[in-house]
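Please read the structure below before turning to the comments.
Throughout, read-outs are computed from the coordinates displayed, never taken from laboratory work. Quick caveat: nothing in here was measured; it's all calculated off a predicted structure. In this analysis, Cβ positions are derived from the backbone assuming ideal geometry, glycine residues included, and neighbour counts consider all displayed protein chains.
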Amino acid sequence: MSAERATLTVPPRRALATVWLVAAVASAVLLTVASRLEGGRDDVDQAEQRVGFLDEGPLPIPAPPVASGLPASGRPTVVLFLRPDDADQECREVSRSVAASAAIVAVLSGSGACDEVAGVVVDPEGRTAAAYGMRVPADGGPPVGYAVVDAQSRVRYRTLDPHPAAHSGEIMTVLAGL
């Protein structure tokens, strides 16, 4: 029986350097792509994007009035902060999944349509968003996102979210936790 010795071959330094260089370039490309995916409606500080219950501000706070009788005591309310260009679609999609669990009121930064919600307020100065403690997005424009108000008319959750309709499942989770 002959014993063969296994030899371990170590790749030359040049090969290792090439592998590391390729990995570094690939990482740089991925980081560049990821940073370009951030939109102007995202938070300037991504660590603050959609932080909700982890807000530094004191929550719960009394919910400022938005529309006549909204938010109403006795029923949770979702306050949407939207820009007019996509308000109608966002309202429609949020309403499909949330309307059975909460009243929905939309605060628009300009004139626009927002059907299927309990109330619509046009607030170009952003006073309502400021009263709710909404952050200013990266583009410096009016906030986009939502706040969840409990049945005792207290703001329990607020977040900057460029597309609240895409996260209506999260809104439902917050509502279920009230």
Starting from the 7 Å offset along Cα-to-Cβ, what nm value, one decimal, do you get for the label separation of His163 and Val136? 2.6 nm
Two pseudo-spin positions, 7 Å from Cα along C-beta at Thr173 and at Ala23, lie apart in nanometres by 3.2 nm
At most 10 other Cβ within 10 Å, DSSP loop - GluC sites (Glu not before Pro), segment 85-149: Glu125
Viscosity 0.692 mPa s, 37 °C: Kirkwood-radius Stokes-Einstein D of segment 46-176 over Cα pairs, µm²/s: 232 µm²/s
